[in-house]
Structures are given as structure tokens and as C-alpha cells.
Amino acid sequence: MGTGTATEEEDIRAVREFNRFYTARLGLLRKRHLDSEFSLTEARIMYEIGANRELTASSLCHSLDLNGGYLSRCLALLSKRKLVWQMPSKRDRREKLLTLSPAGEGAVAWLNEQSAKQIRILLSNISSAEREALLESLSKIHAILSEPKEPSVRIVRLSMATAEVLGLLEEYYDAVAVMQRDTPATIQKILDAPHSGAWLAYLGEKPVGCVVLKALDSIPLSGECKRLYVQPAARGHRIANKLLDAQEDFARSNGLRWIYLDSFDDLKVAITIYRRRGYVSCDRYNDNPQATVFLRKEIAPPSRSSSLPAPQLRMHRH
């Protein structure tokens with residue numbers, strides 16, 4: 001890519017023009033992929049499930065770079081149509097292994113056959129020399145765009161209070177001078193409790209951030225976001241937002257409606273992140289002596305069967 005602004009704009013224009021050409025040429029703009037009953041995303045999800053054993057929803061979300069909530073909805077629809085089976089993992093009962101049903105396997109086989117026909121027709125119209133040049137160019141594009149420009153970010157939900165998360169929590173306590181600190185036993189209790197959890201962020205293979213969700217027994221359908229921390233050297237990769245995405249997806253899928261948190265005025269960067277994500281001011285809901293800022297976010301609308309009003313705050317120990 002050129003270093004000048006004009007050259008950069010020309011490069012961007014050229015890539016976008018090629019994108020418009022090949023998406024139309026391969027029929028990717030159609031509502032249904034290969035004139036089937038599936039969208040392109042649904043077809044790709046089923047292909048990945050069929051091609052990979054021991055695949056979980058979280059690993060599929062990472063490999064396809066899809067929003068967790070969107071992927072969850074797609075999987076729910078495919079499961080409802082009896083194309084995908086979701087079974088608890090023997091390694092972690094909170095994870096679900098994804099497999100194709102016989103009907104799903106048949107659908108993927110048909111999609112593969114149709115895709116092969118489409119590409120066969122495309123290649124039949126060019127000479128052997130042109131085909132060789134095309135395949136070489138595709139290989140170069142794949143290699144160039146596959147080169148990792150920076151370490152990937154991976155978010156993992158924990159089932160055990162590992163040394164990695166305990167070490168990051170100690171860094172967090174020291175960084176913001178926390179007075180009320182969690183013990184390893186307290187963290188493990190949170191991990192074992194329904195509607196609670198903790199997430200670890202990896203940059204490459206290094207753990208660099210964490211966040212904790214604790215169910216609030218004193219406020220119906222609510223949890224508390226705690227201990228959001230990203231090491232200074234790892235900031236700039238949207239890791240805090242990715243951690244909060246994972247936390248909110250989990251809370252929403254487990255029936256929570258609200259997430260609360262407390263902070264204090266000096267943590268301006270963290271408060272800005274929260275407010276940008278939709279957190280708004282609320283009344284004090286705990287007795288944390290350090291807290292000066294109290295926020296909450298509605299992460300899911302009330303269910304039709306629920307007549308509960310907005311939560312009434314009752315003080316509880318932090």
C-alpha cells in the first residue's frame with residue numbers, strides 16, 4: 001500500500017472494486033446461498049461443524065469472527081430445524097459440542113455438490129494457463145491476508161480459579177488500590193454459582209485481561225460486573241470490550257435482564273467504556289466504601305411472561 005493519501009485511496013478503491021466483482025460473480029449477494037434454503041452464514045456454520053470434530057460454539061465463534069449472540073441465534077434456528085445437535089461436552093458441562101444430524105449431513109453434502117458445480121462451470125470457461133494463473137493468485141491472496149499482523153485475541157470462560165486469573169486479579173487490586181479483595185475460594189464460589197462466571201482474555205498465548213460476573217441475589221434478574229482489567233501493555237486491542245461482550249452474551253443467555261457495576265471517579269477511562277456500551281447512572285446498590293459511581297445496563301427486554309418492574313435496589317454487601 002502506498003504511503004501517500006491519494007495512493008492509499010486508490011488502493012482502497014481497487015480492493016473494493018474487486019470485492020464488488022467477485023461477490024456478484026460468485027452469487028454471494030443472493031438472499032439464499034446457492035439458491036438453497038440457507039443463508040451464506042448458515043451454510044458456512046454447517047460446513048464448519050461437519051468439517052471439525054469436537055467443535056464448540058465458543059471455538060466456532062472465534063474461528064468465524066462472529067458475534068456470540070448472532071451465532072447463538074443461528075445455532076438455535078438450525079437446531080430447531082433438526083440440522084444441528086448441541087450436546088454437553090464431557091470436558092466442561094457448560095460447553096456444548098456441535099454435530100450435524102443426518103439431515104444436516106445431507107444438507108451439507110448437497111451444498112458441497114452445488115458449490116463444486118458452480119466452480120466447475122466458472123473454471124470451464126478459462127484456458128489451462130489462465131486457470132494456473134488464477135489459482136496461483138488465489139494462493140498468494142490467501143497467504144498474504146492470512147499473515148498475522150498482530151496476536152489474536154481469545155476470550156475463554158473459566159471453570160476453575162486458575163493461577164492465571166488470580167495473578168491478573170492481584171494486578172487489578174494493586175492498580176486501583178482495592179480494599180475489599182476476593183480470595184481464591186471466593187472466586188471459585190463465583191465460578192460454581194448459577195448465572196455467574198469469569199472470563200480470561202488471551203493476546204496470542206498470554207493471559208492479559210479478565211472480568212467477573214457475580215449474580216446479585218438482592219436484585220431480581222441481575223448480575224454485577226466486577227474486576228474488569230486489561231494489562232497496560234495489551235491495551236489498544238479492544239480487549240475490554242471483547243470481555244464485556246462475552247459477559248453480556250452469557251448473562252443474556254442465562255436469563256439475566258440487568259448488569260450493575262460500581263466504580264470511582266478516578267477511573268475515567270473505564271467509566272467512558274461503560275457509558276459507551278449503554279451503562280447509565282443508578283442509585284447505590286452496595287456498601288463498597290470505595291465506590292462513588294454506580295451504573296447499570298439493561299441487556300435484555302422483559303419477557304412477555306414476566307410482570308416484574310425495573311429492579312428495586314436493596315443494599316447488599318459488595
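Things to note:
- Calculated FRET efficiency for the pair residue 298/residue 235, C-beta based, R₀ 25 Å, to 0.05: 0.35
- Label-point separation, residue 175 to residue 11 (7 Å along Cα→Cβ), nm: 3.3 nm
- Acute angle (nearest 10 degrees) that the helix 68-80 long axis makes with the longest principal axis of the chain, alpha-carbon atoms: 70 degrees
- Between residue 64 and residue 86, the distance separating the two model label sites (each 7 Å from Cα on the Cα→Cβ line) works out to 1.3 nm.
- On Cα atoms only, tilt of 239-253 relative to the major axis of the chain in degrees: 80 degrees
- Nearby lysines by direct alpha-carbon distance to residue 117 (threshold 23 angstrom, same-chain neighbours under 8 apart not counted): 31
- Proxy reagent accessibility, fewest Cβ within 10 Å first, across 117, 242: 117, 242
- Reachable lysines, given that their alpha-carbon falls under 19 Å from the alpha-carbon of residue 82 and they are not under 8 places away in the same chain: 96
- Helix 5-25 and the longest principal axis of the Cα set of the chain meet at an angle near 70°.
- By the helix-only formula, in which each DSSP H run with n ≥ 4 contributes -39500 (n - 2.57) and the sum is divided by residues, the chain has a 222 nm mean residue ellipticity of -14500 deg cm²/dmol.
- Linear extension gain, residue 20 paired with residue 35, 0.36 nm per residue minus alpha-carbon span: 3.4 nm
- Span from the the stretch 113-141 Cα centroid across to the the stretch 13-41 one, whole angstrom: 16 Å
- Relative contact order (percent, whole number), the chain, Cα cutoff 8 Å, 6+ residue spacing: 10 percent
- Shape call, the stretch 1-129: gyration tensor on alpha carbons, a/c limit 1.5: oblate
- Stretch gain in nm, segment residue 272-residue 139, where the contour uses 0.36 nm per residue and the Cα spacing is subtracted: 43.6 nm
Computed from the coordinates by the stated procedures, all read-outs in this text should not be read as laboratory data. As the structure is a prediction and not an experimental result, all values here were calculated from the model. Positions of Cβ are backbone-derived with ideal geometry, glycine not excepted, and every protein chain shown enters the neighbour counts.
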